[in-house]
1. Only residues in region 108-126 that are under 21 Å from G138 (Cα atoms) count as the first member; pair them with residues that are among the acidic types (D, E) and open to solvent by 40 Å² or more (accessible area, probe 1.4 Å), Cβ under 6 angstrom, at least 6 apart or cross-chain, and list the lot.
2. Answer yes or no as to whether V19 is among the hydrophobic types (A, V, I, L, M, F, W, C), over 22 Å from N172 (Cα atoms) and open to solvent by less than 70 Å² (accessible area, probe 1.4 Å).
3. Within region 74-87, does at least one residue satisfy the condition of being more than 21 Å from V193 (Cβ to Cβ), in contact with a Cys (Cβ under 6 Å, 6 or more places away or on another chain) and at pLDDT 95 or above?
4. Specify which of the listed residues (A95, A45, A81, A114) is touching a Gly at 6+ places or on another chain (Cβ under 9 Å) and surrounded by 15 or more Cβ atoms within 10 Å (Cβ to Cβ).
5. How many residues, within region 172-215, are assigned to a helix (DSSP H, G or I) and either touching a residue at least 12 places away in the same chain (Cβ under 8 Å) or touching an Asp or Glu at 6+ places or on another chain (Cβ under 8 Å) (or both)?
6. In region 160-179, which residue that is in contact with a strand residue (DSSP E or B) (Cβ under 6 Å, 6 or more places away or on another chain) and among the basic types (K, R) is farthest from Q13 (Cα to Cα)?
7. Out of everything in region 136-154 that is over 24 Å from A190 (Cβ atoms) and among the hydrophobic types (A, V, I, L, M, F, W, C), what residue ends up being most open to solvent (accessible area, probe 1.4 Å)?
8. Out of all the residues in region 194-208, which are in contact with a strand residue (DSSP E or B) (Cβ under 6 Å, 6 or more places away or on another chain) and either surrounded by 24 or more Cβ atoms within 10 Å (Cβ to Cβ) or on the phi > 0 side of the Ramachandran plot (or both)?
Amino acid sequence: MPTPVTEHRSLLQAAEEAVARIAPGATLMVGGFGLVGAPLTLIEALCASPTVGDLTVISNNLGEPGRGLGRLLLDGKVRKAVGSYFTSNPDVVRAYAEGRLEVDLLPQGTLSEAIRAGGAGIGGFYTKTGLGTALAEGRDERVIRGERYVFHESLHADVALVRARYADELGNLVYAKTARNFNPDMATAADLVIAEVDEIVPVGRLDPEAIVTPHLFVDALVLKGDRS
């Protein structure tokens, strides 16, 4: 019988320690749909960082006015946003209109598939969504089985900030219902993955069938609210 592994490297860090690994000018994937499933403790630590800035943020949206990624925008730390639903935050619209923010707008399904493809090692894909609109301008088109498709490159990031309900000490992640949203795909599509979680439990406590993100994808764990 193999000997059980009882010791392992601790992934637990304070939020400030974790985000200190993010370089200026980095590309970040940030989970969440609105504020649901967003790693708010990690975002607060980014706002407090004296060095992090000039960021490209890949996320469904940029939070709400003054909240979540919306605060990061107001702090002048976001150079470019890649996502699909920015108009819920008027600060994003204003920053774009004033030339302070570059925006790459993608249909929501295209955004999701581009992240998934990036995590799967796929360079890009063809889709009908956006064909014939301004969103397809400059993109390659191809006829497949007699129908036109437009090409989208996959997405990959330097860092993914994700949010989960539970983690075990190895970094296996379980999500809370719809707070799962973009988080699992983002956890596969970045070089460094930092997960904010509500609770960390001993190895073996989580139901294996409930684990969505295996620990091999996770580099650091931060407890919600822990910025010490």
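The values are calculated or read from the model by the stated rules, or taken from the named source; none is laboratory data. Keep in mind that what you see is a predicted model, and the values were worked out from it rather than measured. Ideal geometry is used to build each Cβ from the backbone, glycine not excepted, and the neighbour counts take in all protein chains shown. When the accessible area is computed, the model is the full protein with side chains, heavy atoms only, and any ligands, DNA or RNA have been set aside. Shrake-Rupley method; radii C 1.70, N 1.55, O 1.52, S 1.80 Å.
1. I115/D185; G124/E153
2. Values: among the hydrophobic types (A, V, I, L, M, F, W, C): yes; over 22 Å from N172 (Cα atoms): no; open to solvent by less than 70 Å² (accessible area, probe 1.4 Å): yes.
No; evaluated as a whole, the condition is false for this residue.
3. Yes, the conditions are met somewhere in region 74-87.
4. On the way: A95 fails: touching a Gly at 6+ places or on another chain (Cβ under 9 Å); A45 fails: touching a Gly at 6+ places or on another chain (Cβ under 9 Å); A81 fails: touching a Gly at 6+ places or on another chain (Cβ under 9 Å).
Going through A95, A45, A81, A114 in turn, the sole match is A114.
5. Of the residues in region 172-215, the ones assigned to a helix (DSSP H, G or I) are 177-180, 183-186, 208-210, 215.
In the following step, the residues that additionally are either touching a residue at least 12 places away in the same chain (Cβ under 8 Å) or touching an Asp or Glu at 6+ places or on another chain (Cβ under 8 Å) (or both) were identified as 178-180, 183-186, 210, 215.
Residues in region 172-215 being assigned to a helix (DSSP H, G or I) and either touching a residue at least 12 places away in the same chain (Cβ under 8 Å) or touching an Asp or Glu at 6+ places or on another chain (Cβ under 8 Å) (or both): 9 in total.
6. The extreme case among them is R165.
7. So the residue we want is V143.
8. I194, A195, E196, V197
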